[in-house]
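Shown next, in structure tokens, is the structure this report addresses.
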Amino acid sequence: MAPSEDLAIVPLAGADAEACLALSDEAGWNQTQDDWRLFIENGRTFGIRDAETRLVATAAALPYEENFGFISMVLVTSARRREGLATRLVDLSIDHLRGQRLVPVLDATPTGETVYAKQGFRSLFSIERWQGRSEGGSAASDIKDDKSSDLTTVVALDAEALGAPRGAILAGFLDRAGSRAFVSPGGTGFALIRAGRKALQLGPIVAGSVAEALKLLGSVLTAARGTVFIDVPVRQRDIGEMLARHGFTRQRSFSRMAYGSTMPFGKPERLFAVAGPEFG
Ligand SMILES: CC(C)(COP(=O)(O)OP(=O)(O)OC[C@H]1O[C@@H](n2cnc3c(N)ncnc32)[C@H](O)[C@@H]1OP(=O)(O)O)[C@@H](O)C(=O)NCCC(=O)NCCS
């Protein structure tokens, strides 16, 4: 086996999406090839190949339009862990985003947190992934389910709550078959749902009040059919309670971390579910 320090870091292209998917599948993650393409096309995705040219490690640096960029998809195949590969990839991703004057931000798994804390990332808040099933149906509601007309509203609300605009990413979600956008009357809040590898991913949910967020969540759960993952900031206890009433259980936790900073971005009180740990 080639020593890890001899393995070069290379930028990945669209043709690598299948090999990337094999790595996220190995970790049991929910990302699809469409997600990998969003990282590759809208940011810089770095990879390391072994001597047999097999992709063994990845990290994606995704610049948002201002304030910060997201680092994600930090994956190392199990046979090559604890050789410093993740550290090298994350260091490069940090440099890439800081070079664009963006603060590197990420959502860390508990194992990832040990890598990132050593590199200077600090925790902003905790997120819990809830998993459950939605049986679908139809309910009378004044919530609009029409993804074609609402991109501008969704992008503006999302940018305010998250603290950074990311129109291309949200447009990418909504372009996919099966994605749906639910928008409150008056355009004051929204919820998205999209297909994942293992389950539907519900989020973001952005709203001006807890009552509005609960109503949006109820509309999506009524409309969706299948296994659902939703990543909820721990502070949004009412969302967790509603999910528990629907039979959802906590599956894992993440920590939102920023490089060298403990200052949250945007309006976290309006963010009731994130887009996923890979997008924030
Ligand atoms: C987390 C992950 C990316 C780490 O990759 P890696 O290449 O093994 O990490 P590194 O070798 O750069 O580790 C750097 C340091 O982080 C810490 N660390 C890494 N993995 C650890 C583990 N399993 N337990 C405790 N500490 C760990 C150690 O301090 C390590 O330094 P050391 O080996 O000198 O003690 C890899 O385990 C992985 O792919 N896990 C599954 C997917 C995942 O959770 N990704 C993170 C998403 S946020």
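The values are calculated or read from the model by the stated rules, or taken from the named source; none is laboratory data. Nothing here was measured: the structure is a model prediction, and the numbers come from that model. Ideal geometry is used to build each Cβ from the backbone, glycine not excepted, and the neighbour counts take in all protein chains shown. SASA here: full protein model, heavy atoms, side chains in, ligands and nucleic acids out. Shrake-Rupley method; radii C 1.70, N 1.55, O 1.52, S 1.80 Å.
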Would you point out the residue of the stretch 25-53, among those that are away from the ligand (no atom under 16 Å from the Cβ) and in a helix (DSSP H, G or I), that is most open to solvent (accessible area, probe 1.4 Å)?
Glu41
So is Ala61 farther than 27 Å from Phe265 by Cβ, open to solvent by less than 20 Å² (accessible area, probe 1.4 Å) and either of a type in the set (Phe, Trp, Tyr) or part of a strand (DSSP E or B) (or both) or not?
no
Residue among Leu92, Leu106, Leu124 that alone is out of contact with any His (no Cβ under 9 Å at 6 or more places or on another chain) and near the ligand (Cβ under 7 Å from one of its atoms)
Leu106
Screening Gly203, Gly247, Gly187 for residues that are buried (at least 18 other Cβ atoms within 10 Å of the Cβ), assigned by TED's automatic domain parsing to the domain that holds Ala161, at positive phi and among the small types (Gly, Ala, Ser) leaves only Gly203
Exactly one of (1) open to solvent by 60 Å² or more (accessible area, probe 1.4 Å); (2) in a loop (DSSP other than H, G, I, E, B) is unmet by Ala15. Its number?
(2)
Test: Arg252 is assigned to a loop (DSSP other than H, G, I, E, B) and among the charged types (D, E, K, R):
no
